[in-house]
């Protein structure tokens, strides 16, 4: 059977999709990218925030059009199915089956019944099929979350935090490296909590040490680190591992302690500044990335001022901003959404304007420096190569390094590039003669 797969949402959801593809291929099913010839289509959805929900519904309706052609079965899985299954069954009769997150271990049986093809119950046990660039992979080390931030529905959708088996993850990392993966990105809703639930202590550093020994891996990057779980032992331990990038993705959400308390975030703005200073003292060229929310209920001009001062104190290298929107079933949903949308937008613009000024000031120090770059593509018209440095995760929002080379370069290799110009998050330069 030819099966088309659509994956929506975050990289954690993408790993679920890649595991699904592995399961289907092991069961002798053909994955097709031509939806016109698909006998069945499976949509893996996100259900975190309103835009993601809208995208999910629109995609499902779009895929339903293929049932007037060759497609005989339309299946929806993922977070949207988990959160709204009963409502979706009523509203979307075009869908033949909704599969919740809790049903993934019976995925083979469910798909067998729906598709009429024998699918093994081996979800998560088959090799992860990489759907992106072959030199990069995500390693999902845990699922769910225990942080219970007041604005976030992830624990309601994904459940409590569950670390995956240590040895299983190391074996997965080895298998990915053997297949040519050079950049391994460790992901979870909160990577810093890894091991606390099933080993009784945080074991992220242990996992990084084990992965650092794997032949073939060149870069190891950690995403989604909760600030108060990052201690001196982790920071200093990472500094001793040559393959682990000093890239600290630390979503902090706000720089006002009052806002942090209302968001049910642990720690304070002062503790986050101390953490950032410790990282800067430990690494020669660390990258600090975060996300911020503006317009949370009862946010005042004083809170906004504190947030901007907090940004000036830390000088984040990368910052993603969001305006607050109410999310049903969260504790903040009952709070009065008393900041008008136009005020939220104005505060967002002020925050991002400041961030741009901070980044442009910091990045001037990079001119003349040589960065290691993972080469990923080349412009057909100009011949310029594009790649990523320590400053850029694979999700496409951190900018690129754009550079010239006098000799052809194979994609997926690492080269030293001397930076001669900066444009916000994009760096421009020329490759040195000797490759890394």
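Values for this structure:
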{"read-out": "Residue among 142, 178 that is crowded, with 21+ Cβ neighbours inside 10 Å and either under 18 Å from the mean Cα position of the chain (by Cα) or in contact (Cβ under 8 Å) with a residue 12 or more places away in the chain (or both)", "value": "142"}
{"read-out": "Output for the stretch 201-225, where each listed residue is in a helix (DSSP H, G or I) and surrounded by fewer than 19 Cβ atoms within 10 Å (Cβ to Cβ)", "value": "206, 209, 210, 212"}
{"read-out": "Residues of the stretch 378-415 classified as in contact with a strand residue (DSSP E or B) (Cβ under 6 Å, 6 or more places away or on another chain) and surrounded by fewer than 17 Cβ atoms within 10 Å (Cβ to Cβ), total", "value": "6"}
{"read-out": "Leading residue by the ranking (surrounded by the most Cβ atoms within 10 Å (Cβ to Cβ)) among those in the stretch 40-52 that are under 18 Å from residue 99 (Cα atoms) and in contact (Cβ under 8 Å) with a residue 60 or more places away in the chain", "value": "40"}
{"read-out": "Where residue 155 falls short, out of the listed (1) surrounded by fewer than 17 Cβ atoms within 10 Å (Cβ to Cβ); (2) modelled with pLDDT under 95", "value": "(1)"}
{"read-out": "Scope the stretch 226-259; condition surrounded by 20 or more Cβ atoms within 10 Å (Cβ to Cβ), in contact with a strand residue (DSSP E or B) (Cβ under 6 Å, 6 or more places away or on another chain) and in a loop (DSSP other than H, G, I, E, B); matching residues", "value": "250, 252"}
{"read-out": "Qualifying residue in the stretch 294-301 (condition: touching a strand residue (DSSP E or B) at 6+ places or on another chain (Cβ under 7 Å), closer than 29 Å to residue 238 by Cα and not in a loop (DSSP other than H, G, I, E, B))", "value": "no"}
{"read-out": "Matching residues, the stretch 124-148, being part of a loop (DSSP other than H, G, I, E, B) and closer than 24 Å to residue 199 by Cβ", "value": "124, 125, 128, 141, 144, 145, 146, 147, 148"}
{"read-out": "Residue list for the stretch 58-97, filter: outside any helix (DSSP H, G or I), closer than 27 Å to residue 159 by Cβ and touching a strand residue (DSSP E or B) at 6+ places or on another chain (Cβ under 6 Å)", "value": "74, 75, 76, 77, 78, 95, 96, 97"}
{"read-out": "Residue list for the stretch 185-200, filter: more than 13 Å from residue 133 (Cβ to Cβ), touching a residue at least 24 places away in the same chain (Cβ under 8 Å) and not in a helix (DSSP H, G or I)", "value": "186, 187, 188, 189, 190, 194, 195, 196, 197, 198, 199"}
{"read-out": "Condition met for residue 55 (under 27 Å from residue 144 (Cα atoms), without any contact (Cβ under 8 Å) to a residue 60 or more places away in the chain, in a helix (DSSP H, G or I) and out of contact with any strand residue (DSSP E or B) (no Cβ under 8 Å at 6 or more places or on another chain))", "value": "yes"}
{"read-out": "Long-range neighbours under 8 Å by Cβ, at least six apart or interchain, first residue in a strand (DSSP E or B) within the stretch 322-346, second exposed (fewer than 14 other Cβ atoms within 10 Å of the Cβ)", "value": "323/341; 323/345"}
{"read-out": "Residue selected from the stretch 1-38 under the condition touching a residue at least 60 places away in the same chain (Cβ under 8 Å) and more than 26 Å from residue 394 (Cβ to Cβ), by the criterion surrounded by the fewest Cβ atoms within 10 Å (Cβ to Cβ)", "value": "1"}
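Residues checked against (1) over 19 Å from residue 31 (Cα atoms); (2) in contact with a helix residue (DSSP H, G or I) (Cβ under 8 Å, 6 or more places away or on another chain); (3) loosely packed, with under 14 Cβ neighbours inside 10 Å; (4) touching a residue at least 60 places away in the same chain (Cβ under 8 Å):
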| site | (1), (2), (3), (4) |
| --- | --- |
| 67 | no, no, no, no |
| 74 | no, yes, no, no |
| 78 | no, yes, no, yes |
| 87 | yes, no, yes, no |
| 101 | yes, yes, no, no |
| 113 | no, no, yes, no |
| 121 | no, yes, no, no |
| 124 | no, yes, no, yes |
| 129 | no, yes, no, yes |
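The values are calculated or read from the model by the stated rules, or taken from the named source; none is laboratory data. Every value quoted in this text rests on a predicted model; they were computed, and no experiment measured them. Counting neighbours? That spans all protein chains shown, and the Cβs are built from the backbone with ideal geometry, glycine included.
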